[in-house]
Amino acid sequence: MEEVFMRLSLPCIIIASFIVSGPAMALDLPAAPPGDRPLNQFVTAVEKDGSITFRLFAPTAKAVSVVLGQRSPLEMKKTEDGLWAVKSEALKPNLYEYYFNVDGFRSIDTGTNSPKPQRQVNTSLILVPGSILDIRDVPHGELRLVTIPSKALKSQRQTYIYTPPGYGETSKPLPVLYLYHGFGDTVASWVSQGRAPQILDNLLAEKKIEPMIVVIPDTEADIPEAIPENFPGADRRKNFYPINAAAVDRELMEDLIPYMKQHYRARDDADGRAVVGLSQGGYQALVSGLTHLGTFGWIATFSGVSTTTVPNEAVEATLNDPEKINTMLRNFTVTVGTGDEVTGKDIAGLKTILDEKKIEHDYVEYKDLKHEMDVWRPSLAAFLEKVFKE
């Protein structure tokens with residue numbers, strides 16, 4: 001039998017080897033920009049007037065465009081040397097996101113080092129300087145990426161922790177703000193795209209905000225029963241959000257808050273603790289903040305998912321006790337872009353409840369903006385200017 005097996009298998013092996021090696025030998029490596037010219041002629045750059053010249057070296061591509069933020073695509077033109085380029089209009093200072101459409105394939109800008117933090121990376125970032133998002137010549141806080149053992153989630157969890165300039169072992173206990181990102185993003189999103197450290201540094205230097213510690217956890221629990229990628233988009237709010245929110249809430253209460261009490265000079269009273277988030281993170285802020293009113297004195301949801309589309313019994317029970325909310329919360333902030341088609345319905349439903357039940361809250365609309373960072377970064381800056389004030 002073994003001899004027969006060898007006679008039968010040998011041709012199969014030869015054929016398999018040809019199939020595997022044949023096509024590989026025919027493939028060429030991607031072309032690189034010519035080595036006799038400076039690389040800056042082939043990569044994206046911000047011009048002196050605030051415009052952006054987008055460049056992509058793709059000699060064999062047939063059609064390339066760039067999508068900048070919420071704008072319509074810009075058609076790029078190809079030169080003889082294989083470079084595609086287009087220049088935008090002069091832009092106001094801001095951090096912009098963009099991507100290339102290369103023959104129907106969505107691509108990051110491989111010529112820069114600033115991808116948007118995402119679970120599936122498909123977007124790049126570029127800064128037009130001149131705003132609160134800049135790294136200015138001011139005292140800077142310290143940003144640490146710490147790994148916290150989570151008993152609640154049975155895993156090791158990476159979390160960013162910002163401490164203000166001058167913080168040390170002799171510092172007085174400081175208030176703590178917990179800041180959650182949105183769906184599809186990562187623990188680095190509020191750092192790299194949200195520019196939270198720069199906003200904090202610059203507002204502190206202007207004496208517009210109180211010194212505080214900011215904890216930036218991962219909004220995704222990544223437990224076996226709640227992996228985002230395992231859920232179809234159509235069923236995500238029904239099946240994924242409730243499980244994930246409950247798990248992340250356990251992590252917050254059982255792991256993160258105790259960790260901060262043990263390792264940092266953090267206040268341990270509700271008035272000294274805030275929970276904030278955008279989009280999916282806004283739902284997390286709603287769930288944790290309203291479920292644990294005695295733990296948090298400040299809640300903010302920026303374009304957040306709400307019980308309008310993701311019911312939650314604990315949140316709904318608390319919303320039915322407006323007197324308790326008005327007594328225990330120092331501030332409840334809700335913001336949204338007027339053109340938001342992702343969570344606009346959620347925010348409208350939440351606002352209706354708050355208005356009908358006479359629950360005190362600050363509501364801010366950002367005219368003509370959609371589900372985007374141009375809503376969330378200003379929302380964060382504005383909230384920072386009022387949180388933890390006596």
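Quick one: give the max-minus-min coordinate of the C-alpha atoms of the chain along each principal axis, largest first, in Å.
For the chain, the Cα extents along the three principal axes come out at 79, 70, 46 Å.
Could you state the accessible area per residue of the chain in Å², with a 1.4 Å probe and every protein chain left in place?
Per-residue value: 50 Å².
For a test of the definition: using alpha carbon positions, the gyration tensor, and the 1.5 limit on a/c, classify the range 218-354 as rounded, prolate or oblate.
oblate
If eta is 0.692 mPa s and T is 37 °C, what Stokes-Einstein diffusion coefficient results for the range 169-285, Kirkwood Rh from Cα pairs, in µm²/s?
213 µm²/s
Taking H as built 1.01 Å from N, whose amide H comes closer than 5 Å to the amide H of residue 362, not counting residues under 5 places away?
332, 333, 334
Could you tell me how many degrees, from 0 to 90 and to the nearest 10, lie between the Cα long axis of helix 241-251 and the main elongation axis, the longest principal axis, of the Cα atoms of the chain?
70 degrees
So what are the radius of gyration and Dmax for the Cα set of the range 192-241, in Å?
17.3, 46
Does the range 68-214 come out rounded, prolate or oblate by the C-alpha gyration tensor, with a ≥ b ≥ c the root eigenvalues, rounded set by a/c under 1.5 and, if not, prolate when a/b is larger than b/c and oblate if not?
oblate
For the range 122-163, rounded, prolate or oblate, judged on the Cα gyration tensor with a ≥ b ≥ c (square roots of eigenvalues), a/c < 1.5 rounded, else prolate if a/b > b/c?
oblate
Grab the alpha carbons of the range 72-159, take their convex hull, and tell me the volume per residue in Å³.
188 Å³
Can you flag which of 238/345; 261/389; 207/389; 345/389; 116/151 are past 24 Å Cα-Cα?
Exceeds cut-off: 345/389; 116/151.
Calculate, in whole percent, how much of the Cα-Cα pair population of the range 283-372 lies beyond 22 Å.
Above the 22 Å cut-off, the range 283-372 has 19 percent of its Cα pairs.
Rounded to the nearest 10 degrees, what's the angle between the helix 280-291 long axis and the longest principal axis of the chain, both from Cα atoms, 0 to 90?
It works out to around 30 degrees.
With θ taken as phi - 60° and the coefficients 6.51, -1.76 and 1.60, list the Karplus ³J(HN,Hα) couplings across the range 180-196 in order, rounded to whole Hz; mark glycine and proline as x.
Whole-Hz 3J(HN,Hα) from phi for the range 180-196: 9, 8, x, 5, x, 9, 10, 4, 8, 5, 5, 7, 7, 8, x, 6, 4.
Using only the Cα atoms of the range 256-309, construct the convex hull and provide its projected area averaged over every direction, in square nanometres to one decimal.
Result: a mean projected hull area of 3.8 nm².
For every other residue with a beta carbon closer than 14 angstrom to the beta carbon of residue 269, add +1 if it is Lys or Arg and -1 if Asp or Glu, then tell me the sum.
Around residue 269, the surrounding residues sum to +3.
Kindly work out what percent of the DSSP beta bridges joining two residues of the chain are antiparallel, to the nearest 5.
Here the share of antiparallel DSSP bridges comes out near 60 percent.
Taking K and R as +1 and D and E as -1, what net charge do the other residues with C-beta under 11 Å from the C-beta of residue 206 add up to?
So the surrounding residues net to +1.
Quick one: if you stick a label point 7 Å off each Cα along the C-beta vector at residue 37 and residue 265, how many nm between them?
With each label placed 7 Å out from Cα toward Cβ, I get 5.7 nm.
With each run of n ≥ 4 DSSP H residues scored as -39500 (n - 2.57), what mean residue ellipticity at 222 nm is computed for the chain after dividing by its residue count and rounding to the nearest 500 deg cm²/dmol?
Helix contribution divided over all residues of the chain: -8500 deg cm²/dmol.
For helix 2-26, report the angle its Cα long axis makes with the longest principal axis of the Cα atoms of the chain; keep it between 0 and 90° and round to the nearest 10°.
80 degrees
What are the GluC sites (Glu not before Pro) within the range 194-289 that DSSP puts in a loop, where the Cβ has at most 12 other Cβ atoms within 10 Å?
Qualifying residues, ordered by number: 206, 225.
The values are calculated or read from the model by the stated rules, or taken from the named source; none is laboratory data. It should be emphasised that the depicted structure is a prediction, and the values quoted were computed from it without experimental measurement. Cβ: placed from backbone, ideal geometry, glycine included. Neighbour counts: every protein chain shown. The area values use the complete protein model at the heavy-atom level, side chains included, leaving out ligands, DNA and RNA. Shrake-Rupley method; radii C 1.70, N 1.55, O 1.52, S 1.80 Å.
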